[in-house]
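*Asks:* Before we start, here is the structure in question, set down as structure tokens.
Read-outs: derived from the displayed coordinates by stated rules, not from any lab. Since the structure is predicted, the reported quantities are computational estimates derived from the model, not experimental observations. Note that we place each Cβ from the backbone using ideal geometry, even for glycine, and neighbour counts take in every protein chain shown.
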Amino acid sequence: MNLIFTAVFALSAVVMLINAPSDFLPAMLDGGLNAAKCCLTLFCIYIVWMGISAVAEDCRLTQKAAKLLYRPCKKLFKTENSAAIESISMNLSCNLLGIGGAATPYGVKAVNALEKDGNEFAQNLLFIINATSVQLIPTTVITLRAAAGSAAAHDIALPSLIATAVSTFTGVALYILVSKIKFKRAVKRKKCST
């Protein structure tokens, strides 16, 4: 992938140097400035949400959220591990709020806890849910649009909700279906071999 990006950049630079050499350096500097602004904006978003997540943990809101989501997570992820369920519930909460950066540490904790149990089904399902992540409020995208000067930064909310809900439902449904088919095949093979 790095090779592809390097080749695209080199080709673009050559074309620009041939067509508009006086615009090359200003375009490079402007691109660097925009990238730095974007990184700083994302950094600030993540700092705020990581702080809120830490406060939520200190106030034991994570445990309350885990209790609220315990039964659905237990059934969906097929796990009894309370530490994993707590991390999963916080991961899902952060993703619902569109703050994927804050969700990542909880996802890592959940996967580590599930790995100790040998629960590959739950690990894969959590990965699918994180990759598609339903977003009630796409906080990061709204903030980036506002920082870029969008007049209606929040207009992305409904399309984002629809797209992420459809992708999450489809991903989860397909994974569960494939898992059931694999399980049935494994049972058949076991019966045939005995």
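*Asks:* Suppose each label sits 7 Å from its Cα in the direction of the beta carbon; what would the Ile4-Ala20 distance come out to in nanometres?
*Replies:* The two pseudo-label positions are separated by 2.7 nm.
*Asks:* Explain nothing, just the number: relative contact order of the range 54-148, from Cα pairs under 8 Å at least 6 residues apart, as a whole percent.
*Replies:* Rounded, it is 27 percent for the range 54-148.
*Asks:* Residue separation times 0.36 nm, minus the C-alpha to C-alpha distance between Ser12 and Val178: what's the value?
*Replies:* Computed gain between Ser12 and Val178 is 55.4 nm.
*Asks:* Straight-line reach from Lys182: which lysines fall under 16 Å, measuring Cα to Cα and dropping same-chain residues less than 8 apart?
*Replies:* Excluding near neighbours in sequence, the set is Lys190, Lys191.
*Asks:* List the pairs from Lys74/Lys109; Lys75/Lys188; Lys78/Lys180; Lys74/Lys116; Lys75/Lys180; Lys78/Lys116 whose alpha-carbon separation is above 18 Å, in the order I gave them.
*Replies:* Lys75/Lys188
*Asks:* Going by a ≥ b ≥ c, the root eigenvalues of the Cα gyration tensor, does the range 75-182 fall in the rounded group (a/c under 1.5), the prolate group (a/b larger than b/c) or the oblate group? Walk me through the numbers before you get to the answer.
*Replies:* Details: a/c = 3.38, a/b = 1.76, b/c = 1.92.
Here the range 75-182 falls in the oblate category.
*Asks:* Subtract the Cα-Cα distance of Asp117 and Arg60 from 0.36 nm times their separation in residues, and report this length gain in nm to one decimal.
*Replies:* Full-extension gain reported as 18.0 nm.
*Asks:* When the distances between all Cα atoms of the range 6-99 are binned every 5 Å from zero, what whole-number percent does each bin get?
*Replies:* Result returned by the calculation: 3, 12, 14, 13, 9, 7, 7, 7, 8, 8, 6, 5, 2.
*Asks:* Below 14 angstrom from the Cβ of Leu69, what's the summed charge of the other residues (Lys, Arg +1; Asp, Glu -1)?
*Replies:* Neighbour charge sum, excluding Leu69 itself: +4.
*Asks:* Then there's this: What GluC sites (Glu not before Pro) in the range 46-151 are in a loop by DSSP, with at most 16 other Cβ atoms within 10 Å of the Cβ?
*Replies:* Details: sites: Glu57, Glu80, Glu86, Glu115, Glu120; in loops: Glu80.
Loop-located and lightly packed - Glu80.
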